[in-house]
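Student: One structure, pasted below without further comment.
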Amino acid sequence: MRLVLLGAPGSGKGTQADLLKAKYDCAHISTGDILRNNFQRKTELGLRAETFMNRGELVPDDVVIDMVEERLREDGVVKGFLMDGFPRTIPQADALDKMLGRMGSPLDAVLLIKIDDELVVRRLTNRRTCRSCGKILSLLTTPGMKNCPDCGGELYQRDDDSEPVIRNRLQVYKEQTEPLAAWYESKGLLRVVEVLEHFMPEDTFEGVKAALGL
Ligand code: AMP
């Protein structure tokens, strides 16, 4: 399965990618995770990306396009992958199309996860990540939790999950990423699933599987 997950920040792309990966063996390519990992290791790429990320702005296209191409060239990755957080602009989508065309491995589908803006703000201000294993949790379902239930690692809040930065990220999403839905629809690749207020990740996952015919 070669799939792009499209959706606003906080729509649950990463969580759905994890659920899909556990069931259908494929690589999870999260450009946000790759950038954060580079930043933690203080690589040149990470330091270049940091200012954009902390403001909730997009990292320049050429930087992320090269990063994704490198990952797709790793052993076996192009056979099956879940792209999470990429593409985010039309030039990125166009570059991905060309890359996959050269590799003879076109996309099977693009899944748009739709969610209300205010629900995004509530979810992201309550999102925590485990510093050790990367598990993502919500304080909305586990209030007051300080350590990871899986490995005991410390839970932290991402720097870009503060409300002003979230609102900026939503604005950037509307201006630069949302137009991709129509772009992919015109190619017959778009599938849509909607996240409702009371949904747990498993509820959304049922919709994801139905939308993808899995
Ligand atoms: P995410 O974890 O996907 O929410 O990404 C966090 C931040 O990383 C974004 O707000 C951007 O600053 C940057 N980023 C991740 N993916 C991309 C991309 N495809 N294009 C540009 N910037 C990106």
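The values are calculated or read from the model by the stated rules, or taken from the named source; none is laboratory data. This structure is a prediction, so every number in the text was calculated from the model and none was measured. Please note: Cβ atoms are built from the backbone with ideal geometry, for glycine as well, and neighbour counts cover all protein chains shown. Please note that ligands, DNA and RNA were not included when accessible areas were found on the heavy atoms of the full protein model with its side chains. Shrake-Rupley method; radii C 1.70, N 1.55, O 1.52, S 1.80 Å.
Student: What do you reckon, is residue 86 on the phi < 0 side of the Ramachandran plot and within 10 Å of the ligand (Cβ to nearest atom)?
Tutor: Criteria met by residue 86.
Student: Count, please, the residues in the range 8-28 that happen to be within 17 Å of the chain's Cα centre (by Cα) and more than 11 Å from the ligand (Cβ to nearest atom).
Tutor: The qualifying residues number 11.
Here's the yes/no breakdown for (1) over 22 Å from residue 204 (Cα atoms); (2) surrounded by 19 or more Cβ atoms within 10 Å (Cβ to Cβ); (3) of a type outside the set (Gly, Ala, Ser):
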{"residue": "97", "(1), (2), (3)": "yes, no, yes"}
{"residue": "100", "(1), (2), (3)": "yes, no, yes"}
{"residue": "118", "(1), (2), (3)": "no, no, yes"}
{"residue": "123", "(1), (2), (3)": "no, yes, yes"}
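Student: Within the range 55-82, how many residues are more than 20 Å from residue 174 (Cβ to Cβ), within 10 Å of the ligand (Cβ to nearest atom) and in contact (Cβ under 8 Å) with a residue 24 or more places away in the chain?
Tutor: 3
Student: Further, regarding this structure: Could you please find all residues in the range 29-45 being open to solvent by less than 40 Å² (accessible area, probe 1.4 Å) and either away from the ligand (no atom under 11 Å from the Cβ) or touching a residue at least 60 places away in the same chain (Cβ under 8 Å) (or both)?
Tutor: 43
Student: Within the range 102-116, can you find the residues that are surrounded by fewer than 16 Cβ atoms within 10 Å (Cβ to Cβ) and farther than 15 Å from residue 6 by Cα?
Tutor: Across the range 102-116, the qualifying residues are 102, 103, 104, 106.
Student: Given the criterion of a type in the set (D, E, K, R), farther than 25 Å from residue 137 by Cα and surrounded by 15 or more Cβ atoms within 10 Å (Cβ to Cβ), identify the matching residue among 169, 191.
Tutor: Of the residues listed, the single one that is of a type in the set (D, E, K, R), farther than 25 Å from residue 137 by Cα and surrounded by 15 or more Cβ atoms within 10 Å (Cβ to Cβ) is 191.
Student: Give me the pairs, please: first residue somewhere in the range 151-176 and part of a loop (DSSP other than H, G, I, E, B) and more than 9 Å from the ligand (Cβ to nearest atom), second residue anywhere and open to solvent by 50 Å² or more (accessible area, probe 1.4 Å) and of a type outside the set (D, E, K, R), beta-carbon distance under 8 Å, and either six or more positions apart or on two chains.
Tutor: Pairs that qualify, where the first residue is part of a loop (DSSP other than H, G, I, E, B) and more than 9 Å from the ligand (Cβ to nearest atom) and the partner is open to solvent by 50 Å² or more (accessible area, probe 1.4 Å) and of a type outside the set (D, E, K, R), are 151/132; 151/133; 152/132; 153/132; 153/133; 153/147.
Student: Okay, moving on. Report yes if residue 84 is buried (at least 18 other Cβ atoms within 10 Å of the Cβ) and at pLDDT 95 or above, otherwise no.
Tutor: yes
Student: Could I ask something else about it? Check the range 56-75 and report whether any residue there is of a type in the set (A, V, I, L, M, F, W, C), modelled with pLDDT of 95 or more, under 22 Å from residue 157 (Cα atoms) and open to solvent by less than 60 Å² (accessible area, probe 1.4 Å).
Tutor: Within the range 56-75, one or more residues are of a type in the set (A, V, I, L, M, F, W, C), modelled with pLDDT of 95 or more, under 22 Å from residue 157 (Cα atoms) and open to solvent by less than 60 Å² (accessible area, probe 1.4 Å).
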